[in-house]
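Below is one structure, written out as structure tokens, with a few remarks after it.
Values in this text are rule-based calculations from the coordinates and carry no lab data. In this text, all values refer to a predicted model and were calculated from it rather than measured experimentally. Positions of Cβ are generated from backbone atoms using ideal geometry, with glycine treated the same way; all protein chains shown enter the neighbour counts.
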Amino acid sequence: MIFMDSQAREAREMTKQLPFKKRLVNFWFYNKWVVVGVIFVILTIAMTIYEITNVQSYDSVVAVYTGDAVPEDTAGKIQAELSEYCNDVNQDGDISVSVTPMSGSHSRLSEEAVAVETRLMGELNAGTNDIYIVDKEYYDFLMDNDYGDCFSNVYPLNENGALMEKMGLSGEYYLLVRDLYPADDGKADKRAAHNNAVAIYEHLAGIAHDDPVAE
């Protein structure tokens, strides 16, 4: 044991006498995997912090559920139209509306349709979205499965041809505002987002209303 310690000390002393570049090469040879592991951990932590601190905060979150796929430009038109009536809920000086289209027809009884329905029910249970825009197929699905109780504000968009044209939609569509869940009633941000969604609905439906973000 004493002999091994003596050898280790001699090796360390010899290493100290090496030129800097050779010491660096020697260090890398014996410790490269430790260095790689440390760098990986640091990068993982840095990326996690970046993602957490740079998550987009939207003033309104909208889901579009249809049997047929919604073109990207249509989603853009819906976003632009709703932004006209949206309030700066997060008070960042900018109006931002998230529009996420989901499609899958019940009539085709595909795995895709089942997945989309499962996502819809999951979002409703979690209170993910403030506004839903659905075609007749998904409107009937919601009403027939007792999810109609989640929406007190329902506007048949097809009653307003000009609005449908601006949104790039054709057929029978409905705009629904998800009710504020009792568990969220005391949360200022949730209530403000809900009031904002109601304000958008009232603007589109032509209903007079007071300050939509007021508590």
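The table below gives the values:
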{"item": "FRET E, pair residue 68, residue 43, Förster distance 35 Å, beta-carbon r, rounded to 0.05", "result": "0.25"}
{"item": "Ratio Rg/Rh [Cα only; Rh per Kirkwood] for region 76-127", "result": "1.14"}
{"item": "Region 85-215 - percent relative contact order, Cα under 8 Å, separation 6 or more", "result": "26"}
{"item": "Theoretical gain in end-to-end length, residue 35 to residue 84 [0.36 nm per residue, Cα-Cα removed]", "result": "12.4 nm"}
{"item": "Cα extents of region 149-196 along the three principal axes, largest first (Å)", "result": "38, 21, 11"}
{"item": "Residue-count net charge about residue 74 - beta-carbon cut-off 14 Å; Lys, Arg +1, Asp, Glu -1", "result": "-4"}
{"item": "Gain upon complete extension [residue 98, residue 128; 0.36 nm per residue less C-alpha separation]", "result": "9.6 nm"}
{"item": "Once the Cα gyration tensor of region 100-167 is diagonalised, semi-axes √(5λ) in Å", "result": "21, 16, 12"}
{"item": "Computed over region 60-205, the ratio Rg/Rh where both radii use C-alpha atoms and Rh is Kirkwood", "result": "0.95"}
{"item": "Added length on full extension, which subtracts the Cα-Cα distance from 0.36 nm per residue, residue 28 to residue 119", "result": "27.8 nm"}
{"item": "Local electrostatic count, residue 204, Cβ distance below 10 Å [Lys/Arg +1, Asp/Glu -1]", "result": "-3"}
